[in-house]
Amino acid sequence: MKSEKRNPKAEENPRPETRRVGDRRSGLSGGISRRAAIGLGAAGVVGLAGAASLFDLFAKWRESEAPADIFKGDAPAGELWALWQKRGWVKEGRHYLKLGRNVQCKVCPNNCILEPGDRSHCRNRINRDGTLYTLVYGNPCTFHVDPVEKKPLYHFMPGTQTFSLATSGCVFRCLNCQNWEISQKKPEETKDPHGEELRLRPPLPSSLSLEQMSRLSLFPEDVVAVTETLGCPSISYTYSEPTAFYEYTQDTCQAARARKLKNIVVSCGSIEERPARDLYQFVDAAHVDLKGFDEDIYQKLNAGKLQPILNTLKTLRELGVWFEIINLVVPTYTDNPDTIRRMCAWIAKELGPDQPLHFSRFQPQHKLTHLAPTPVETLMKARDSARAEGLHYVYIGNVPGLEDAGTTWCPNCKKAVIERDIFAVTRMNLTDGKCKFCGTKIAGVWKT
Ligand code: SF4
């Protein structure tokens, strides 16, 4: 694997022609060139002045972006590229700008600028002859059937199973990543377009070998057919980062919605607003990792930024998508009690007291094997803080045997309305989404 390097050249002067591609919401698919946009205002001095300030604004906007680290000259070429195309694992990206022969992806705040032949920070996108392509369309590297509680989602169709899939790649570089074997890999490290293509269609085999997985194609309509055959009411885009397989996620969500299946996105929340709105219109539930509440720690621990995640949470609330937040408490990184309290206060104020929050226990892994697991006491103090800030539904995860760690309490009569044992629902005292004891409405989506 090539090392990641900054691409200083890409920050230089963009070529004059600039267009946004694939913005479905605007209906401007195919784009409008900046030259054309300037031309609209060019009929006179006032128009020219307007065009000049537009240009300045555009230049400033570009300068304010921090281009992500990318893999220089690492896009697949030759036979590999031809095979990838033949399999249908290539699709033109959505939400990107053409800067002459360079492209800039606008899906996540990394805003990668790629010269021809470059590969993106998330490893899944390339610039081929001035066009941005995703390499992870219809080629998941893993799938499973999971309880929805495993996402974790505790207030969304409890007790149901969800068909869960992922491709390689991620927009973050978390030191504590649980799934780094796929999230920190290129598509070519998890998939192989040589040999016979395997399309998974009913009737389904009981299992697939790793070799078969590497040849597997599972296009959106296949995902829907497999999910229906398995009797799952939902599809989860999870394990790595759905933002890094945006087009595949979006098209599958759309196909699933048409068949009345639910869509669940499990994400770090690092996505730009326009692609978020375009995607989440088809999404029924999300689980968002709020990895901390400090910009410096986000940079150190995740190579990411906090503010875009907060923006995404607000956008989800505005769109009416059901979502739950998880916060992994990592010793020496995200276990500061004051920071946890500030985070809880923000959630209560901006998202409301009915926003579920899961504190999760860190286990040593990936690049943080030298740290000890989070002390259970730290997690319990975090839960106390969240409750003190007014949050009604606060959980502790990853601590088997901890009493009431996954219990949902009625905020009114304080009785247990849902009891869980790890991922299994063991008791349900809900009737039509209301507490069986006092009739108080419990926030969530309770019907399939
Ligand atoms: S989605 Fe990938 S290519 Fe696009 S900006 Fe984010 S990291 Fe870069």
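The table that follows gives values for the structure above.
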{"quantity": "Residue satisfying all of: in the range 101-151; closer than 28 Å to Glu211 by Cα, without any contact (Cβ under 8 Å) to a residue 60 or more places away in the chain and open to solvent by 10 Å² or more (accessible area, probe 1.4 Å); nearest to the ligand (Cβ to nearest atom) among these", "calculated": "Tyr133"}
{"quantity": "Test: residue in the range 284-302 that is assigned to a helix (DSSP H, G or I), within 16 Å of the ligand (Cβ to nearest atom) and open to solvent by 10 Å² or more (accessible area, probe 1.4 Å)", "calculated": "yes"}
{"quantity": "In the range 340-358, the residues that are out of contact with any Leu (no Cβ under 8 Å at 6 or more places or on another chain) and either open to solvent by 30 Å² or more (accessible area, probe 1.4 Å) or among the hydrophobic types (A, V, I, L, M, F, W, C) (or both)", "calculated": "Ile340, Arg341, Arg342, Ala345, Lys349, Asp354"}
{"quantity": "Condition met for Ala77 (away from the ligand (no atom under 14 Å from the Cβ) and either of a type in the set (Lys, Arg) or in contact (Cβ under 8 Å) with a residue 12 or more places away in the chain (or both))", "calculated": "yes"}
{"quantity": "Members of the range 244-276 found to be within 16 Å of the ligand (Cβ to nearest atom) and of a type in the set (Lys, Arg), listed by number", "calculated": "Arg274"}
{"quantity": "Cβ-Cβ under 9 Å pairs, at least 6 apart or on other chains, the range 405-416 side among the basic types (Lys, Arg), far side in a loop (DSSP other than H, G, I, E, B)", "calculated": "Lys415/Asn429; Lys415/Lys436; Lys415/Phe437; Lys415/Cys438"}
{"quantity": "Complete set of residues in the range 228-248 that are touching a Ser or Thr at 6+ places or on another chain (Cβ under 8 Å) and either surrounded by fewer than 20 Cβ atoms within 10 Å (Cβ to Cβ) or hydroxyl-bearing (Ser, Thr, Tyr) (or both)", "calculated": "Pro233, Ser234, Ser236, Tyr237, Thr238, Tyr239, Ser240, Thr243, Tyr246, Tyr248"}
{"quantity": "Residues of the range 172-214 classified as open to solvent by less than 30 Å² (accessible area, probe 1.4 Å) and part of a loop (DSSP other than H, G, I, E, B), total", "calculated": "9"}
{"quantity": "Check on Ala256, assigned to a helix (DSSP H, G or I), among the aliphatic types (A, V, I, L, M), at pLDDT 95 or above and out of contact with any helix residue (DSSP H, G or I) (no Cβ under 6 Å at 6 or more places or on another chain)", "calculated": "no"}
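The values are calculated or read from the model by the stated rules, or taken from the named source; none is laboratory data. The structure presented is a predicted model; accordingly, all values stated were derived computationally and were not measured. Neighbour counts run over all protein chains shown; Cβ positions are idealised from the backbone, glycine included. The area values use the complete protein model at the heavy-atom level, side chains included, leaving out ligands, DNA and RNA. Shrake-Rupley method; radii C 1.70, N 1.55, O 1.52, S 1.80 Å.
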